[in-house]
Amino acid sequence: MPELPEVETTVRGLERVLDGRRIARVELRRPDLRRPMPEDLGQRLTGSRIIGLRRRAKYGLIDTDRGDTLVFHLGMSGKWRVDPSAIETHDHLLVDTDDGHRVALNDPRRFGSLDLVETDELEAWPPFAALGPEPLAIEARELKARLAGRSAPIKAMLLDQSVIAGLGNIYVCEALHRAHIHPGRAAGSISLKRLERLAEAIRHVLAEAIAAGGSTLRDFASPDGELGYFSKRFAVYDREGASCGCGGTVKRTVQGGRSTFFCPRCQR
Ligand SMILES: [Zn+2]
């Protein structure tokens with residue numbers, strides 16, 4: 001499942017072929033993913049120029065000079081393919097540029113989404129309206145304010161998209177481990193000093209994963225042109241029974257129906 005670093009890497013990979021290009025042709029190959037795609041998507045995009053690509057939470061945003069933004073979410077299995085040699089069954093959208101490149105949105109399980117939103121209206125767009133701040137820019141004071149009075153476990157609060165946007169299970173486990181904070185600790189009880197370590201850990205684990213994705217995939221794309229998936233070694237995630245650098249042993253518990261990996265020796 002693509003997490004924030006994969007989305008960021010995907011956006012940077014797409015940027016190389018799409019930024020500044022005019023869209024020559026659009027082919028929508030089915031009407032819906034997780035939800036229907038706009039019927040006039042092809043008409044609104046064709047002939048427009050792409051003026052920028054960016055990310056918000058786990059969404060990728062492609063801005064055009066017509067004041068529209070194409071917003072994609074990769075869901076469970078989505079990926080973009082750059083200059084694919086052949087069209088595949090699960091390529092649901094094809095975009096051709098004026099300089100002869102093609103990108104294809106491929107999503108076998110179709111939990112992803114594709115929307116066209118007026119750029120000026122993005123902040124108020126329902127999926128974005130309640131989103132918290134970006135984790136790559138999170139500051140301890142902001143975390144402190146958002147967690148004040150909350151007795152829920154810190155892990156659950158970090159997965160809450162209105163507290164902080166786009167952090168998934170893997171990076172929450174990794175950041176809490178790096179900050180030496182126990183995942184079950186009541187969120188509102190954590191001192192500002194410890195939240196400073198947590199904010200730094202969140203920024204760093206994500207930045208390292210993005211760097212790993214960018215350096216292990218040649219030009220951000222695998223040899224077959226696929227963007228967005230790379231494997232990275234984690235300190236605790238999916239490592240039950242492994243030894244932690246502190247001499248402790250990584251444990252797995254279940255919180256809110258999801259696996260939590262942590263070291264009971266160095267996370268308090
Ligand atoms: Zn440890």
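The values are calculated or read from the model by the stated rules, or taken from the named source; none is laboratory data. Quick caveat, the model's predicted, so the values are computed rather than measured. Heads up, the Cβs are rebuilt from the backbone with ideal geometry, glycines too, and the neighbour counts pull from every protein chain shown. With ligands, DNA and RNA removed, areas are computed over all heavy atoms of the protein, side chains included. Shrake-Rupley method; radii C 1.70, N 1.55, O 1.52, S 1.80 Å.
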- Query: Lone cysteines in the chain, going by a 4.7 Å Cβ-Cβ cut-off?
  - Reply: CYS173
- Task: List the extent of the Cα atoms of the range 51-186 along each of their three principal axes, largest first, rounded to whole Å.
- Result: 53, 31, 21
- Length gained if SER162 through ALA242 is fully extended, taking 0.36 nm per residue and subtracting the Cα-Cα distance, is 25.5 nm
- Note on the structure: Magnitude of the Cβ-charge dipole (Lys and Arg +1, Asp and Glu -1) of the range 4-161 about the Cα centre, nearest 20 debye, reported as 600 debye
- Message: What value in Å³ per residue do you get for the convex hull of the alpha-carbon atoms in the chain?
- Response: 128 Å³
- Just order 241-252, 156-167 by mean Cβ neighbour count inside 10 Å, highest at the front, would you? 156-167, 241-252
- What 222 nm value per residue comes from the helices of the chain, counting each DSSP H run with n ≥ 4 as -39,500 (n - 2.57) and dividing by all residues, nearest 500 deg cm²/dmol? -8000 deg cm²/dmol
- Message: Within the range 22-147, what whole-number % of the accessible surface is contributed by carbon and sulfur, with the 1.4 Å probe and all protein chains included in the calculation?
- Response: 47 percent
- For the range 150-215, count all C-alpha to C-alpha pairs, find those more than 17 Å apart, and express that count as a whole percent of the total. 36 percent
- Message: Let me make sure I get this right: for the range 69-124, a, b and c are the square roots of the gyration tensor eigenvalues over alpha carbons, sorted descending. Under 1.5 in a/c it's rounded, otherwise prolate if a/b > b/c, else oblate. Which is it?
- Response: oblate
- Item | Inter-label distance, nm, simple model (7 Å from Cα along the C-beta direction), HIS101/ASP19 | 1.0 nm
- Note on the structure: Taking GluC sites (Glu not before Pro) as exposed when in a DSSP loop with at most 16 other Cβ atoms inside 10 Å, the chain has its longest clean stretch at 140-239
